[in-house]
Amino acid sequence: MHDGRQSLDFTAINAAVLAVAGPVLFRLAPGGTVQAGEYVALNPRRADHRLGSFRVNMRTGRWADFATGDRGGDIISYAAYAWNCSQVEAARALARMIGIEIGARAHG
């Protein structure tokens, strides 16, 4: 069964999203600030009340919640975490968000 992974270029989607990281991160976790190249926001997955422990590196996409130990290596894994979905679903949603065409089938 085809799950869509073959038609997704995760590296290209990550790179394209990082090129416009600020607006995308604001949509994923509204109300954050940029500090030394990191987006610092409240963790959208828990009752976070203070800025500081949740950060996303705007150059690499690596992210971490230092209060809980949750972390990931790229912007797609962060979106999957924030939206509580698979990385395939997150990659597709991020691509749509920034206007990348995906989903062309190799064989009809």
Restricting the range 33-57 to residues that are touching a Gly at 6+ places or on another chain (Cβ under 8 Å) and not aliphatic (A, V, I, L, M), which is nearest to residue 12 (Cα to Cα)? 57
Only residues that are under 19 Å from residue 19 (Cβ atoms) and touching a strand residue (DSSP E or B) at 6+ places or on another chain (Cβ under 7 Å): list them for the range 31-61, please. 32, 37, 38, 39, 56, 57, 58
Restricting attention to the range 91-108, and to residues there that are modelled with pLDDT under 90 and surrounded by 12 or more Cβ atoms within 10 Å (Cβ to Cβ), which single residue is nearest to residue 28 (Cα to Cα)? 100
Unmet criterion (only one of (1) under 18 Å from residue 9 (Cβ atoms); (2) crowded, with 17+ Cβ neighbours inside 10 Å) for residue 60: (2)
For the range 6-23, does any single residue satisfy the condition of being in contact with a strand residue (DSSP E or B) (Cβ under 6 Å, 6 or more places away or on another chain), surrounded by 14 or more Cβ atoms within 10 Å (Cβ to Cβ) and at negative phi? no
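The values are calculated or read from the model by the stated rules, or taken from the named source; none is laboratory data. Because the structure is predicted, anything quoted here is derived from the model rather than measured. Backbone-built Cβ (ideal geometry, glycine too); neighbour counts: all protein chains shown.
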